[in-house]
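Only one structure is covered here, and it is reproduced in the block below.
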Amino acid sequence: MFLRRKCREVAALLIAREDRPLRMGDRIALRLHLAACKTCPAFEKQVLTMRTALHQWRNYTES
Amino acid sequence: MMPPNPDRLRMPIENQLAEHRSYLLRYARLQLRNDAWAEDAVSETLLAALSKPQSFGNRSQLKTWLVGILKHKVIDLLRARAREVSFDEHDDSDGSDELDALLFRQDGHFATAPANWGNPEQDLSSQQFMQILEACTEKLPSAMARVFLMREWLEMPSEEICKELRLTSTNLYVQLHRARLRLRECLEINWFGHPESRS
């Protein structure tokens, strides 16, 4: 039941989270899906890696 | 971070600034996607630096100070050119939907499981990775790249980007979503998919 949302929707939420706050319902659905899904946590890790990379790049351009 | 070269510090400020021109131009072009505007932004930056060299005061690296000024000049320019830098709200011709279709099956699940990118913290600070990341950013379509870099390089809040470019929030989020998907794809192909090619 925790996988009611499709991975495509969850991936879209993981990306949207980088630019805007998610609604409470989306945040809960995201957490439940990530706990139960075998593939989405790897995508979440990729999004977080890109966040770190862009942060490092911003610093790199200034130093 | 490289320590300041003492010989450079003895150079006249004009010469020190001139040494940074091509570096500043590279990032102005990356953000603005227009050579003439980039030249304008860099010229304004160097003029501002020349007119108030005392505000630098060696508190940071000269380059850091100049990039800070450049970011403000780029934002001013984007504001002044808002009408020209905006894009057609109905233009879906950038191929991002095809990218989405490749990533997911019809039933909404991943076509192939996302690869494990490992723990790349060490890699991310390497110059080689930075060059790949910049090359991937350069590949983004111009209008998409501008809003993406307003968010990621100029660090502007989404609401401010919408206001400055007179965009709906929905349209901005669609563009940012597509930019992030493309960047992910490009990094996967050119970096994370080829760990053996790194020095």
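The values are calculated or read from the model by the stated rules, or taken from the named source; none is laboratory data. It should be emphasised that the depicted structure is a prediction, and the values quoted were computed from it without experimental measurement. Please note: Cβ atoms are built from the backbone with ideal geometry, for glycine as well, and neighbour counts cover all protein chains shown. These area figures cover heavy atoms from the full protein model, side chains too; ligands, DNA and RNA do not enter into them. Shrake-Rupley method; radii C 1.70, N 1.55, O 1.52, S 1.80 Å.
Starting from the amide H of B:Phe104, placed 1.01 Å from N in the peptide plane, find each other amide H under 5 Å away whose residue is 5 or more places distant or on another chain.
Excluding prolines and chain starts, which carry no amide H, the hits are B:Ala111.
Could you sort B:Lys71, B:Lys63 by accessible area so the largest value comes first, with the probe set to 1.4 Å?
Descending accessible area places them as B:Lys63, B:Lys71.
Going from most exposed to least, what order do B:Ile161, A:Ile28, B:Ile132 have by accessible area with a 1.4 Å probe?
Final ranking, largest accessible area leading: A:Ile28, B:Ile132, B:Ile161.
With axes computed from alpha carbons, what is the tilt in degrees of helix A:24-36 against the longest principal axis of chain A, rounded to the nearest 10 within 0 to 90?
Approximately 80 degrees, to the nearest 10.
So what are the ³J(HN,Hα) numbers for the range B:176-183, from phi and the Karplus equation (6.51, -1.76, 1.60; θ = phi - 60°), rounded to whole Hz, Gly and Pro as x?
5, 4, 5, 4, 5, 5, 5, 5
From the backbone phi of the range A:5-18, what are the Karplus-calculated ³J(HN,Hα) couplings (6.51 cos²θ - 1.76 cosθ + 1.60, θ = phi - 60°) in whole Hz, Gly and Pro given as x?
7, 6, 4, 4, 5, 5, 4, 5, 5, 4, 6, 4, 4, 6
Find which of A:Gln46, A:Ile28, A:Trp57 sits farthest along the positive direction of the dipole of the range A:7-62, computed with +1 on the beta-carbon of Lys and Arg, -1 on that of Asp and Glu, about the Cα centre.
Value computed over the given set: A:Ile28.
With a 10 Å radius around each residue's Cβ, average the other Cβ atoms per peptide and rank B:106-113, A:51-58, highest first.
Order by mean packing, descending: A:51-58, B:106-113.
Among the listed pairs B:Lys139/B:Lys163; A:Lys45/B:Lys73; A:Lys45/B:Lys63; B:Lys73/B:Lys163; A:Lys38/B:Lys139, which are separated by more than 29 Å between their Cα atoms?
A:Lys45/B:Lys73; A:Lys45/B:Lys63; A:Lys38/B:Lys139
Using only the heavy atoms of the protein chains and a 1.4 Å probe, how would A:Glu18, B:Glu44 rank by accessible area, largest first?
The ordering from most to least exposed comes out as B:Glu44, A:Glu18.
Find the sum over both chains of the accessible area lost when A and B are paired, probe 1.4 Å, and report it in Å² to the nearest 100.
Rounded to the nearest hundred, the buried surface is 3500 Å².
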